[in-house]
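Here's the structure we're looking at; comments come further down.
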Amino acid sequence: MRNTALIALAAAVCLGIYADTNDPARRFTREIPKRQRVQQALNRLTFGPRPGDAEAVGAMGLKKWLDVQLHPERIAENPVLEAKLKTMDSLRMSGEQLVRNYPSPEVVRLMMNGQMPYPSDPDRRMMIQRLVAQEERKKGQDGPPNPLGDPRALSNLLTPQQLQALRTGAPRERVAVFDALPAGKRDDVIEAMPAPLRQALFAAAPPELRRRLEMAAGPAQVVARDLTESKILRAVYSNRQLDEVMVDFWFNHFNVYLDKGADRYLVTEYERDTIRPRVFGKFRDLLEATAKSPAMLFYLDNWQSVGPNAAPARSAAAQRQRRGLNENYGRELLELHTLGVDGGYTQKDVTEVARCFTGWTIDQPQRGGRFTFNPKLHDGGEKVVLGVRIPSGGGIQDGEMVLDIVARHPSTAHFISRKLAMRFVADDPPEPLVARMARTFSKTDGDIRAVLQTMLDSREFWSEGAYRTKVKSPLEMVASAVRAVNGDVDFAAPLVNQVTQLGQPLYRKVEPTGYSNSGREWLNSAGLVARMNFALQLAANQVPGVKVAVDKPDAALAGIPLGSPEFQKH
Amino acid sequence: MNTRRVFLRNSALAMVGAGAAPLWLTRALASSDGPAQRKKVLVAIFQRGAADGLNIVVPHGEKAYYELRPTIHIPRPTSNGDRQADAAIDLDGFFGLHPSLAPLKPLFERKHLAIVDAAGSPDPTRSHFDAQDYMESGTPGRKATDSGWMNRALPAAPGPHAQGQLSPVRAVSLGPTLARTLCGAAPAIAVQSIAGFQVRNAQAAEQFERMYAASPDPVLQATGRETFEAVKLLQSIQRQSYTPAGGAQYPRSPFGDKLRQIAQLIKSDVGVEMAFADIGQWDHHVNEVGARASEGQLANLLRDYGQALSAFWADLGDRMSDVVVATMSEFGRTAHENGDRGTDHGHANCMFVMGGGVKGGNVYGKWPGLEKEQLHEGRDLALTTDFRDVLGELVARHTGNPMLKGVFPGYEPKFLGLV
């Protein structure tokens, strides 16, 4: 009898525990032990802990570390990162400078015809004039072959010894050939080298020579290359980890697609000048900065959206180009940037918002242009947006009023808070937490840092429901693996490709939705196979451009922990 | 038939090792004696971004079409040789195909291709994200559905211990992520490339397999199991280099690669029943059509699309009698062109249904017209056929799953007589 009762009791306790651990709402009320809190902070607020990070946070004190991460301007940046970004000068250029310094074939042609000036930097000017010369040679290719052979062939540029060293020498010998060449001859040799030789040289080359190799392969591609590689380098090396996570979050929220026409040259400044300085600031400021950014105006077509009574364009061609309203930005502003799809707007609101933004355009987008308001293209009539009357006769302030209305709408406070909680806490975040964050959002006029503070002060963030429950995105997986093994990234293009292979091409999400913040979305067989293979390659020191210390005798299996189910979560 | 079985025995079985052969494979080998035993296959194609159906299946008999689109219409079919390349290809005197879809004309003539026009989702949303979600879940207007219609359409496993009797690749989504359409209770896998679908070190693979099997996270555990079963199976066909049959020329594009690999999987008899592939970039708000109808963004994309579909058809040859391909896009585009020689988000669209058993050569569906009062909300092509009518019929009559209530809950598909 007593035994039966005991068994029943034991069963009840077991069931109770079972029910408790499996009831998601209750899991968010159970706090994790103190020693796991540092781990949780590093998992969610950085791109993964490096060896020694947990001890460093412990020594500083978790509270202080959190506070500092929320104020990245107080953190000295890692000099290693700064050194690695130094040669990537495109990261520091305006759109207009990029167009001229990293010209597309069309722009090279413009420069040839004198319709656009060459870049002022003499070395850069020389590189581009070389492209022009190449272009002209292509045109004249039909002429008779030179009986003495092509003077530009490698065999005519180098001695047989040099040629052999370049073809079969050790990496250091290949670079030495270049060091010995007069400066003027280096680019001739690069131009004459076939692709496999260039690649072999690239791995061993110092940064300056690499730059020349990249330029020879096509200057326009270097812009995207710098952007994607720098994203990986920052994720791996930056001391301002939460800042980088937030830049990734907001870029993805206000997604633009790098390969859409003029955006090739506009995304660099978009991330640097529009997103980055505002990731902890007021949401309204960030929203307006994106609304006025050439990158967004181009991506969502608003620069071509025109009111019905707009003054006719001068030429017939321009007239065909610009004839009416385009709803694209208006819709995504409401659905994706602010209220959310269930935030309570109608098709009529979409059209009215689009009318308000007519005239928000770009001056010379193909030349890396600037935001401008063109009153001639603006629909000056009266509009009603979400029940608010916007009187006729307005100009640029019509769009600004829309931003005021949507930035301060309660649906926006909830939508943004939920998205942040989804990124930082759980795929399906507890509603009470989202509600508290949304209250902070509304009370502080959309102060993002304050909303994050509410989240970090919550019981839910430090709960069992949150701890190690989210599957990493491809970027998080790749960056955290490199950090976990203290990998030294010499060049990051192979890691960029890896993230693409896993399904998250950086800066290349075509749809304005951006990538999902839900970890589960990334879990599938193709991704799992690719993650396991990457883990094995990385730890065996087989990913080009990344040096990893291999101390295990069996290097081929050293990557097992990085490919394990546990490492896929954070 | 015989060659196929010999191939299976020699390669598939040998690769996994006779002792470790999964139950489904031994069973399949024991019973697959003729075409009657072959599985029916349903392939779904998603055109992401809302394809402009009115410029794909052109209602050239409709005057309003040309009035609504003064600069971006597809000209009426013509016998004038100089202008033919830029004119619609007539199908039935009223509808015509975009000129880039010329490779599909022979399929239509041989009655292997049917078109359903004014079809799509009845939900009024014009959000890409929501509309794709609804179409993939198969439950318009309902966001809480956590599985996709294609997963629910997989015929139930025969018997309580059936898990091991089913092919691990019976439901395949091509690409780096698993499509929403195929998410759900039944195992389904994502494959980016057949050749790359393996863990490169055998010893590591074994260790990983054990670790995932022991994971306390049920989703990681299940994904791991599905992955390793599929990896073992696909090893058998990774060894063979694949040459498309019937002179099929797949375009060198992501979409061409996807269809080529689906064909390879079907022809290798590894047990595929449902396959999914998508093709993006249909959201043409600006400069949809170039200086001529055969140029510009839509024309280029349709060339890739049409060539890939026609190559798939040629490659599968007689095997097409087991296969039906259905295409869809989240919604159509505005009947009128916008201010930028493009179109904005609209409502109804067209769907293609292709297969050996399809009653093709016909444009199905009731045409609602394009006069102002006939348009949905005064701006878009109205909807007369629910996409679930098309897919429901294919699920019930092609794949032979009569349990449509579970596939499209709350909806009773009305069959059009497509198969």
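Overview of values
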quantity	calculated
Amide proton proximity set for A:Ile390, modelled H, under 5 Å, gap of 5+	A:Lys383, A:Val384, A:Val385
Compactness of segment A:414-489 - radius of gyration and Dmax, Cα, Å	14.5, 44
Bins of 20 Å, starting at 0 and running to the largest distance - Cα pair percent for chain B	27, 55, 18, 1
Subset of A:Lys443/A:Lys509; A:Lys260/B:Lys366; B:Lys63/B:Lys111; A:Lys260/B:Lys105; A:Lys470/B:Lys143; B:Lys258/B:Lys372 violating a 30 Å alpha-carbon distance limit	A:Lys443/A:Lys509; A:Lys260/B:Lys366; A:Lys260/B:Lys105; B:Lys258/B:Lys372
For segment B:190-308, alpha-carbon Rg relative to the globular expectation (2.2 N^0.38 Å, N residues)	1.42
Convex hull projection area averaged over all views, segment A:320-471, Cα basis, nm²	11.5
The protein assembly as shown: mean projected area of Cα convex hull, nm²	47.2
Whole-Hz couplings from phi, Karplus 6.51/-1.76/1.60, listed for segment B:407-412; x for Gly and Pro	7, 10, x, x, 9, 10
Neighbour-limited loop hits for trypsin sites (Lys or Arg not before Pro), segment A:212-309 (at most 10 other Cβ within 10 Å; DSSP other than H, G, I, E, B)	none
Rg/Rg_ref, segment B:261-419, where Rg_ref = 2.2 N^0.38 Å and atoms are Cα	1.17
Mean Kyte hydropathy of -1.0 or more with a Cα span along the axis of at least 27 Å, helices from DSSP in chain B	B:218-238, B:297-316
Sum of side-chain charges, B:Arg319 neighbourhood, beta-carbon under 9 Å (Lys, Arg +1; Asp, Glu -1)	-1
Neighbouring partner chain Cβ atoms per residue of A:335-348, average, 10 Å criterion	2
Sequence-distant residues sharing a close amide H with B:His345 (under 5 Å, placed H)	B:Thr334
Scattering curve values for segment A:190-330, log₁₀ I(q)/I(0), Debye with Cα scatterers, q = 0.11, 0.18, 0.20 Å⁻¹	-0.60, -1.05, -1.16
Whole-angstrom gap from segment A:52-111 to segment B:55-123, using each part's C-alpha centre	51
Per-residue Cβ neighbour rank within 10 angstrom, fewest leading, A:Thr346, B:Thr343	A:Thr346, B:Thr343
Top of B:Asp304, B:Asp52, B:Asp146 by mean-square fluctuation, Gaussian network on chain B, Cα under 10 Å	B:Asp146
Span-like helix ranges in chain A, DSSP H, alpha carbon extent 24 angstrom or more, Kyte mean at least -1.0	A:2-22, A:219-237
For chain B, built as a Gaussian network whose Cα springs stay under 10 Å, the top-fluctuating residue of B:Leu259, B:Leu301, B:Leu234	B:Leu301
Surrounding net charge for A:His414, when Lys and Arg each add one and Asp and Glu each subtract one, Cβ distance under 12 Å	+2
For segment B:281-346: rounded, prolate or oblate by the Cα gyration tensor [a/c cutoff 1.5]	oblate
In sequence order, calculated HN-Hα J values of segment B:147-155 (Karplus, 6.51, -1.76, 1.60; Hz; x Gly/Pro)	10, x, 4, 6, 5, 5, 7, 4, x
Karplus-derived 3J(HN,Hα), 6.51/-1.76/1.60, for each residue of segment B:392-398, Hz, glycine and proline x	x, 5, 5, 5, 6, 9, 8
Where N is the number of residues in segment B:52-140, Cα Rg divided by 2.2 N^0.38 Å	1.27
Trypsin sites (Lys or Arg not before Pro) lying in DSSP loop within segment B:239-340, provided at most 14 other Cβ fall within 10 Å	B:Arg239, B:Arg252, B:Arg292
Prolate/oblate/rounded call for chain A, Cα gyration tensor, a/c under 1.5 rounded	oblate
Cut-off under 5 Å, modelled amide H: who pairs with B:Ala275 long-range	B:Leu42, B:Val43, B:Ala44, B:Val172
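Just so you know, all these numbers are worked out from the coordinates, no wet-lab data involved. Quick caveat, the model's predicted, so the values are computed rather than measured. Every residue, glycine as well, gets a Cβ built from its backbone with ideal geometry; the counts of neighbours run over all protein chains shown.
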